[in-house]
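Notes to accompany the following structure.
We did not get these values from a lab; they are worked out from the coordinates using the rules stated. Model, not experiment: these values are computed from the prediction. In this analysis, Cβ positions are derived from the backbone assuming ideal geometry, glycine residues included, and neighbour counts consider all displayed protein chains.
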Amino acid sequence: MNRLKPVLFVTVLVMIGFTAALLAHAKANQRLGAPGVKTRELPGSKNLEVLLPENVPGFQSKWIAQSDVVTNMLPRDTSYGQRLYKADDGFQVLVNTVLMGSSRTSIHEPQICLTAQGWAINEAVSHVENVHLEKPAPYDLPVMRLIAARQGEVNGQLVEARGIYVYWFVDADRCTAIHSHRMLWTVKDVVLKSVLDRWAYVSFFSVCAPGQEEATFDRMKKLIAAAVPEFQLVPQAAK
């Protein structure tokens, strides 16, 4: 047994060295994949703008600039698109897209930002759901639905609000609602294809009163079904 220890130690070192060399080679020769969302170049910048639709039936929208807190924290070549959609009855949904550049650190677990803003996520009722879309062909889009709560003061009174936060990730040819799936696919494609997948993180966020969570999510699903085919390139229409 004692004679085997040096052999095992050397074997482990060789495997570590081989893996490190393989990753270094992949990184040195890797190229950035294509985005899975529509974009356009920004004048005087190497960054892009994600083209969220201005016109969606039943909603008015306005472009919202990303906050300095976000742009100062993420890598400089991160690209964005953000719009606020508002229905005639006051129902609002903030749609945000973060598109990574050459650094994977542009995108992290969405729960981090939500909790940093004071929202407490109810893990017991948060889960993956499918939202049915008819365009460009009928399919089910997997999304993560988070239910969160936060207290605030309105007219001197403490009130509690619910936040419905829906998100997913998309690259040139795949969608997933699971952060770990995205990470595994990224490593696989870097090693096997020398391609760094250019992921976009898409989120829809709306606030409602306690007890209105399901009704709010139903309205959000209708907006997702109408808006997503206008800016997401995955899946592609049949040729």
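Pairs from the list K62/K222; K46/K188; K38/K62 with a Cα-Cα gap above 21 Å: K46/K188.
Which value in deg cm²/dmol, rounded to the nearest 500, describes the helix-derived mean residue ellipticity at 222 nm for the chain, given -39,500 (n - 2.57) per DSSP H run of n ≥ 4 and division by the residue count? Before the final figure, lay out the partial values.
Numbers: 5 runs with 73 residues, N = 239.
Taken over the chain, the calculation gives -10000 deg cm²/dmol.
Counting beta carbons within 10 Å around each of V131, V187, V207, V95 and listing the fewest first gives the order V187, V207, V131, V95. Please compute the contact order of region 79-149 in relative form: average sequence separation of alpha-carbon pairs under 8 Å and at least six residues apart, divided by the residue count, as a percent. Reported as a whole number, the value is 21 percent.
How big is the dipole moment of the chain about its Cα centre under a simple scheme where the beta carbon of each Lys and Arg is +1, that of each Asp and Glu is -1, and everything else is neutral? Debye, nearest 20, please.
Dipole of the chain, to the nearest 20 debye: 1040 debye.
Tell me, D173, D189, D197, D218 in order of fewest to most beta-carbon neighbours within 10 Å? Can you show the working numbers first?
Working: D173 13, D189 18, D197 25, D218 9.
If I rank by nearby Cβ atoms, fewest first, I get D218, D173, D189, D197.
In this rough spin-label picture, where each label sits 7 Å from Cα along the Cβ direction, the A161-V187 distance is 3.8 nm. Loop-located GluC sites (Glu not before Pro) in region 110-199 (DSSP state not H, G, I, E or B) with no more than 14 neighbouring Cβ atoms inside 10 Å: E134.
Among [x] 28, 25, 16; [y] 37, 23, 18; [z] 34, 19, 16, find the value of semi-axes √(5λ) of the Cα gyration tensor in Å that was calculated from the structure presented, and write down its label. It is the one labelled [y].
By other beta-carbon atoms within 10 Å, ranking R76, R40, R162 with the fewest at the front produces R40, R76, R162.
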